[in-house]
1. Of all residues in segment B:171-200 being more than 14 Å from the chain's Cα centre (by Cα) and of a type in the set (Ser, Thr, Tyr), which is surrounded by the most Cβ atoms within 10 Å (Cβ to Cβ)?
2. Quick check on segment B:113-137: of everything there that is exposed (fewer than 15 other Cβ atoms within 10 Å of the Cβ) and among the charged types (D, E, K, R), which residue is nearest to residue B:223 (Cα to Cα)?
3. What helices (runs of 4 or more DSSP H) lie completely within segment B:76-191 and have 2 or more residues being of a type outside the set (Lys, Arg), touching a Cys at 6+ places or on another chain (Cβ under 6 Å) and at pLDDT 90 or above?
4. Can you tell me how many residues in segment B:32-59 are more than 13 Å from residue B:120 (Cα to Cα), among the hydroxyl-bearing types (Ser, Thr, Tyr) and within 9 Å of chain A (Cβ to nearest Cβ)?
5. Determine which single condition residue B:250 fails, assuming it passes every other condition in (1) touching a residue at least 60 places away in the same chain (Cβ under 8 Å); (2) over 27 Å from residue B:75 (Cβ atoms); (3) acidic (Asp, Glu).
6. Could you check how many residues of segment B:198-216 are among the small types (Gly, Ala, Ser) and within 12 Å of chain A (Cβ to nearest Cβ)?
7. Do we have any residue at all in segment A:32-53 that's at pLDDT below 85, hydroxyl-bearing (Ser, Thr, Tyr) and closer than 22 Å to residue B:41 by Cβ?
8. What tally of residues in segment B:210-232 results from selecting those that are under 20 Å from the mean Cα position of the chain (by Cα) and free of Cβ contacts under 8 Å to residues at least 60 places away in the same chain?
Amino acid sequence: MSLSAIPARWRVLAPFLAAAVLLAAAGAFQAALWPRIGRAPGEELLYFPSGLFARQASIGYETAAADVAWLRGIQYYGEHRLTDQKYVRIGHVMSVVTDLDPRFLAPYVFGAFVLAQELHRPDDGLALLEKGRRANPDSWLLAFETGFLHYVCRHDYESASRYFVRAARLPGHPEYVDRFAAFASQRAGNRGMAVLLWKRVLATGNQYMQEVARRELARLDAEERAR
Amino acid sequence: MNRVVAIARNTLREVARERVALILALFGAGLVGVSLVVSPLALGEGRKVVTDFGLAGASALATLLAIVLGSSLLHKELDRRTILAVMAKPIRRSEFLLGKYAGLWTSAAALLAGMVAITVALLAATSRDVPWEASGALLLSMAELLIVTAVVIFFSSFTTPLLTAFFCASTLLAGHFAEDLHYFGTHGASPLLAAATEAVYWLLPHLEVFNARGLVVHGEAVGPERLAFAGAYAALYAGALLAAGAAIFERRDFR
């Protein structure tokens, strides 16, 4: 059959129809096979660049690039929280975010919290907070979070007290920081102090941190009842 | 001066015909969409994310508009021979070039201001707090556009639209790496390479001068000294490029 036998209207529509059919086929092909082939375990975020490279590649848009990396990091954490609860790359992602935008405080706090609480690597969490405090020496929040990790994860009450006092001396701190600074040295190792700290996370942390705080409060409550 | 203004007005009309308003509408819709989708996912950092994306998107789109529209601005006049009709009037080639530059900068700056206004309005509506600091970032980006449009006009005064776009993108990219280039060139390189790097460093536009988005997203205002310095640097650099561009354009054969 020659092309001229096809009505003109169909000849115009045919390429668009072919494009739609091919696009639908590509989508169906991916939906059917990708879940089976997929990425190898641990492959996700392997491509994540180093902070220095990401900073160079962002050509003046570092803070927007930091936001993209932050969103990707949260997505990674959320996915693994629902599945295997392994967050091996979270430290690297938060390090990249903070290399891109050293003044963005949330990644230091959240990254350190996950490293210390979920991966049981409090020293790595404290190192991330230390990096944050070097870049933001006036941040009461980072000093307070450092005290928090020393208290609840390392049970180093002397260091915790030192950082709470330091946070209370920095500008812009809320009233509760003064209270923790006053109580920390008196109530070192006290269960009530740990409960107060976790209740503070419940009141001020993000949704994931609040979930961990609920879990920790329930654990402390169970320990108390068992006595 | 009136002749320059007339050419600038005409350029503005020409750019407006390219449906710049559509870019603004798409930007606004895109930003609203991003803020709706991203804010709940950002774990309390939605405002920062929207500010970042709004300011970065505005700056990138205005730069892109200046390069894409600007690179063919002079070429169209030459291609359609309309420049011959303009040159038949008592107008110097340098005035024609300056008018094109003023029109292109005004178009790109107006688009930039519109996009920043959309970002500020969205932030004010969602958090009931007007981020006035954004005005500092806007002024610096406008100053940066003085250089971007001057680079576009300079290259388009002697080469084709495609090469103009390529040279502009390369210059702007290198402009963001000027400090790094200087650092690597002066640390451990041979004296000859160090001297060459030093020369390239002073030749390139130092575009990091105009990047205060990092300050603004963290709620800090841009100081008046920085604004004054950036404005003066942009005026001097753009002036140098326009002078060179005008000198080349004076000698260009229109046939």
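1. Going residue by residue through segment B:171-200, those that are more than 14 Å from the chain's Cα centre (by Cα) are B:174, B:177-200.
From what's left, of a type in the set (Ser, Thr, Tyr): B:183, B:186, B:190, B:197.
Numbers: B:183: 12, B:186: 14, B:190: 9, B:197: 18.
Filtering first and then ranking leaves B:197.
2. B:129
3. On the way: elements: B:82-87, B:93-127, B:134-156, B:161-176, B:178-186.
Of the helices (runs of 4 or more DSSP H) lying wholly inside segment B:76-191, those with at least 2 residues that are of a type outside the set (Lys, Arg), touching a Cys at 6+ places or on another chain (Cβ under 6 Å) and at pLDDT 90 or above span B:134-156.
4. Summing the residues that are more than 13 Å from residue B:120 (Cα to Cα), among the hydroxyl-bearing types (Ser, Thr, Tyr) and within 9 Å of chain A (Cβ to nearest Cβ) in segment B:32-59 gives 1.
5. Failing condition for residue B:250: (2).
6. From segment B:198-216, those among the small types (Gly, Ala, Ser) are B:199, B:212, B:214; that's our starting set.
Narrowing further to those that are within 12 Å of chain A (Cβ to nearest Cβ): B:212, B:214.
Here the count works out to 2.
7. Quick first cut of segment A:32-53, residues at pLDDT below 85 only: A:32-53.
Okay, now just the ones that are also hydroxyl-bearing (Ser, Thr, Tyr), so A:47, A:50.
Subset that is closer than 22 Å to residue B:41 by Cβ: A:47.
So far as segment A:32-53 goes, yes, one or more of its residues are at pLDDT below 85, hydroxyl-bearing (Ser, Thr, Tyr) and closer than 22 Å to residue B:41 by Cβ.
8. So the count comes out to 4.
The values are calculated or read from the model by the stated rules, or taken from the named source; none is laboratory data. Since this is a predicted model, take the numbers as computed values, not measurements. Cβ atoms come from the backbone with ideal geometry, glycine included; neighbour counts cover every protein chain shown.
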